[in-house]
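Before any comments, here is the structure.
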Amino acid sequence: MEEDILELITQALTEDRITDKVQRSEEYQRAKEEEQKAYGLLMSDLTDEQKKRLDDFIGSRTWSRVVWEKISYQQGMKDFLKFIKSLL
């Protein structure tokens, strides 16, 4: 039950608040521009097969990072709730 509630809270917070904050961040925008430049330069040197393999790798790596960050966020929420309960 607590896991389901935590999942709903996490989803609500990450889909709206965090996405909005990140999109408005100048630091994020600069980092994203650098990422795109590096990606474009790398892709210009690769064959079609290498490009596909790299894109597949990046997709898998991105997904694993998303899962990692979600678990980390949820653990932080659990720790915060446990802390609040200990104060009551």
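Table for the structure above
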read-out	value
Long-range tail of P(r) for the chain (Cα pairs > 21 Å, %)	53
Alpha-carbon Debye profile of the range 12-52, log10 I(q)/I(0) at 0.18 Å⁻¹	-0.64
Amide N of the range 71-88 lying under 19 Å from the label point, which is placed 7 angstrom from the Cα of Ala12 along Cα→Cβ	71, 73-82, 84-85
Rounded, prolate or oblate (a/c below 1.5 giving rounded, otherwise prolate when a/b exceeds b/c) for the range 39-88 by Cα gyration tensor	prolate
Charge sum, other residues only, whose C-beta stays under 14 Å from Trp63's C-beta, Lys/Arg counted +1 and Asp/Glu -1	0
Low-density loop cleavage sites - trypsin sites (Lys or Arg not before Pro) in the range 1-60, where at most 12 other Cβ are within 10 Å (DSSP)	Arg24
The chain: angle of helix 2-12 to the longest principal axis, Cα-based, in degrees nearest 10	50
Rounded accessible area per residue of the chain, 1.4 Å, Å²	88
Phi-based couplings in Hz for the range 56-70 (Karplus 6.51, -1.76, 1.60; Gly and Pro marked x)	4, 4, 4, x, 5, 5, 4, 4, 5, 5, 4, 4, 4, 5, 5
FRET efficiency, Asp4 to Ser25 (Cβ-Cβ, R0 25 Å, nearest 0.05)	0.20
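The values are calculated or read from the model by the stated rules, or taken from the named source; none is laboratory data. On a predicted model such as this, the values are computed, not experimentally measured, just so you know. Reconstructed Cβ throughout: ideal geometry from the backbone, glycine too, with neighbour counts over all protein chains shown. Please note that ligands, DNA and RNA were not included when accessible areas were found on the heavy atoms of the full protein model with its side chains. Shrake-Rupley method; radii C 1.70, N 1.55, O 1.52, S 1.80 Å.
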